[in-house]
1. Residues with beta-carbon under 12 Å from that of residue 130, excluding residue 130: net charge, scoring Lys, Arg +1 and Asp, Glu -1?
2. Which far-off residues, 5 or more places away or on another chain, put their amide H under 5 Å from the one on residue 269, with H placed in the peptide plane?
3. Please tell me the relative contact order of the chain in percent, rounded to the nearest whole number, where contacts are Cα pairs under 8 Å and at least six residues apart.
4. Calculate, for residue 375 and residue 139, the FRET efficiency according to 1/(1 + (r/R0)^6) with r their C-beta to C-beta distance and R0 25 Å; round to the nearest 0.05.
5. Taking DSSP loops as anything outside H, G, I, E and B, show the longest stretch in the chain free of GluC sites (Glu not before Pro) there with at most 10 other beta carbons within 10 Å.
6. Between residue 6 and residue 257, what is 0.36 nm times their sequence separation minus the Cα-Cα distance? Round to one decimal in nm.
7. Roughly how far apart, in whole Å, are the Cα centres of the range 272-290 and the range 194-255?
8. Whole-Hz Karplus ³J(HN,Hα) for the range 86-92, in order, using 6.51 cos²θ - 1.76 cosθ + 1.60 and θ = phi - 60°, x for Gly and Pro?
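Each reported figure results from applying straightforward, stated rules to the coordinates on display, with no laboratory input. Remember, it's a predicted structure, so these values are computed and weren't measured experimentally. Heads up, the Cβs are rebuilt from the backbone with ideal geometry, glycines too, and the neighbour counts pull from every protein chain shown.
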Amino acid sequence: MILPGATLGVLGGGQLGRMFCVAARTMGYRTVVLDPDVRSPAGRIADEHICAAYDDTKALQRMAEHCDAITTEFENIPAVSLQFLATKKPVHPSAPCVQVAQNRITEKNFARDIGIAPAPFYEVRQESDLAVACAATGLPAILKTATLGYDGKGQQIVKTLQQAREAFCAMGSVVCVLEKKLELKLEISALLARNLNGEVQCYPPAENEHRNGILHQSIVPARVSDELAQRAQDSAIRLAHALDYVGVLAVEFFITTDNELVFNEMAPRPHNSGHYTKDAAVTSQFEQQVRVMCGLPPGDARLISPVVMVNLLGDLWHPDWQKLLCESNAKLHLYGKEEARPGRKMGHYNVLASDIEQAIRVAGRIFTALECSNRSET
Ligand code: ADP
Ligand code: MG
């Protein structure tokens, strides 16, 4: 076990890396961040910021020398970098696990192969694949780039073969997946932490509401039947065991209007929909990341209170913060980003209440008050 006083490294210096560093430092670990941005949110609070590219050999070498264990905060770290580090120090999650989650095709195949159904999909490697793909999935469908998509970027709804062709070209003719567009009732995510011994703690699923392709709020516990919630958790745990995954894993599911549970995608790291755990669970997802990379047992994933997490984007950046801070049950978390851009995640807040409908009401009231008080100039 790697204990307090040791040094933990994280690849990536965004808000997830920052919250990881806060958790690690709270527990008495030193932290090292690798991120090419001088002003990265995590870099500025870490004990050491190695400001270099993710494939910079010297920087990786230094990271390996300075750290007792290494983790990642985003999935697009080059696999070779993770492999290189793993020859020197424990790296969790492992390169093969991150690689599965880096690619929509490999992650959907992986899930399907262990009996966890994704939406009907078809690989599109070249334009001539589109006709068969559209016939296979049916239209309307969603064309998504196989790699590098996030927050609804790198995907487009297509209603005709012609639109599919145009979308494919507009995306630069990179490898894509065409996916049947499902009628969704809800979206949920299951979050867990698993260590090297295979010990798992899984949180109750979050109900996720998106706006413009970006997570707007997560409602926890999700308003689904116990049976569906359990099935989502069981599926996520099955995925983690099958991957021999060590780390924090988030799995997104759709619930269709026919009440089918459908695998969407997974993230090999803490997840935006898990930010509520900072205030409303026995153990936060960032403490879990520290615990399992250090070989400790995952902490209790029990929910302490119904909670709603709301994202604060750059669109809403000069609000009257008193509207939030004067509420006794609202917890503000800002990520220390200097520049606000539309759609950029600047922070979030959690609202705790004795019942979920009350938490939803208060969270909505606060959001409206922030919006109304927002000064539009940036
Ligand atoms: P991202 O990496 O941007 O999160 P997702 O694949 O999760 O990409 O898609 C973003 C959102 O688009 C989903 O949360 C969901 O609202 C919608 N969406 C994606 N795929 C489908 C689908 N097959 N059917 C219906 N809606 C979908
Ligand atoms: Mg998603």
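1. Residues close to residue 130 contribute a combined charge of -2.
2. 250
3. The normalised contact order for the chain reaches 14 percent.
4. Working: r = 44 Å, r/R0 = 1.75.
Once the sixth-power term is evaluated, E becomes 0.05.
5. Longest run free of exposed loop sites: 1-182.
6. Details: separation 251, 0.36 × 251 = 90.36 nm, distance 4.91 nm.
Between residue 6 and residue 257, full extension yields 85.5 nm more.
7. Cα centroid to Cα centroid, the span is 13 Å.
8. 5, 6, 10, 9, x, 10, 9
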